[in-house]
């Protein structure tokens with residue numbers, strides 16, 4: 001029983017660290033992108049800020065989905081189906 005509690009604690013701690021990492025990434029995004037936007041506005045007419053904002057934003061979206069356990073393609077249901085499929089396979 002205690003091993004189960006320790007395992008749950010370790011998983012919870014890992015999840016909290018992942019969420020905390022996501023918030024650090026989000027904070028950096030919210031600070032850096034406006035600064036880059038200002039720099040873009042002051043230096044050139046080409047809107048190059050779009051590229052880092054979209055690129056980093058997509059990475060941030062993926063990080064957030066991972067941190068909060070949301071995965072529409074490979075969620076818990078998919079994992080369970082695959083586990084059952086492999087367990088039912090005689091040649092596995």
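Just so you know, all these numbers are worked out from the coordinates, no wet-lab data involved. Predicted, not measured: the structure shown is a model, and the values here were computed from it. Every residue, glycine among them, receives a Cβ derived from its backbone with ideal geometry; neighbour counts consider all protein chains shown.
Give me the angle, in degrees from 0 to 90, between the Cα long axis of helix 50-67 and the longest principal axis of the Cα atoms of the chain, rounded to the nearest 10.
20
Using Cβ counts within 10 Å as a stand-in for footprinting exposure, how do 54, 32 rank, fewest first? Can you show the working numbers first?
Numbers: 54 10, 32 13.
Least crowded to most crowded, the residues run 54, 32.
For 81, 42, 15, which order do you get if you count the other beta carbons within 10 Å of each Cβ and list the fewest first? Please report the intermediate quantities before stating the final value.
Details: 81 10, 42 7, 15 13.
The most exposed by this proxy come first: 42, 81, 15.
Any idea what angle helix 76-88 forms with the longest principal axis of the chain, computed on alpha-carbon atoms, 0 to 90 degrees, nearest 10?
The angle comes out at about 40 degrees.
When a/c reaches 1.5 or more, the comparison of a/b and b/c decides; with that in mind, is segment 28-88 rounded, prolate or oblate per its Cα gyration tensor? All intermediate terms of the calculation are to be shown ahead of the outcome.
Numbers: a/c = 7.76, a/b = 3.86, b/c = 2.01.
Prolate, since a/c reaches 1.5 and a/b exceeds b/c.
Give me 45, 27 ranked fewest to most by other Cβ atoms within 10 Å of their Cβ, as a rough exposure proxy. Walk me through the numbers before you get to the answer.
Working: 45 6, 27 10.
So the residues, fewest neighbours to most, are 45, 27.
Give me the extension gain from residue 90 to residue 68: residue separation times 0.36 nm, minus the current Cα-Cα distance, reported in nm with one decimal.
Details: separation 22, 0.36 × 22 = 7.92 nm, distance 3.52 nm.
Full-extension gain reported as 4.4 nm.
Between the helical axis of 2-43 and the dominant principal axis of the chain, each derived from Cα atoms, what acute angle in degrees is found, rounded to the nearest 10?
The helix 2-43 is inclined about 20 degrees to the chain.
May I ask you to derive the relative contact order of segment 2-88, considering only C-alpha pairs under 8 Å and at least 6 residues apart, and to give it as an integer percent?
Taking the mean separation of contacting Cα pairs over the length of segment 2-88, I get 31 percent.
Within segment 1-34, name every residue whose backbone N is under 19 Å away from a label modeled 7 Å from Cα of residue 58 along the Cβ vector.
Taking a point 7 Å out along Cα→Cβ of residue 58, the residues of segment 1-34 whose backbone N falls under 19 Å are 26, 29-30, 33.
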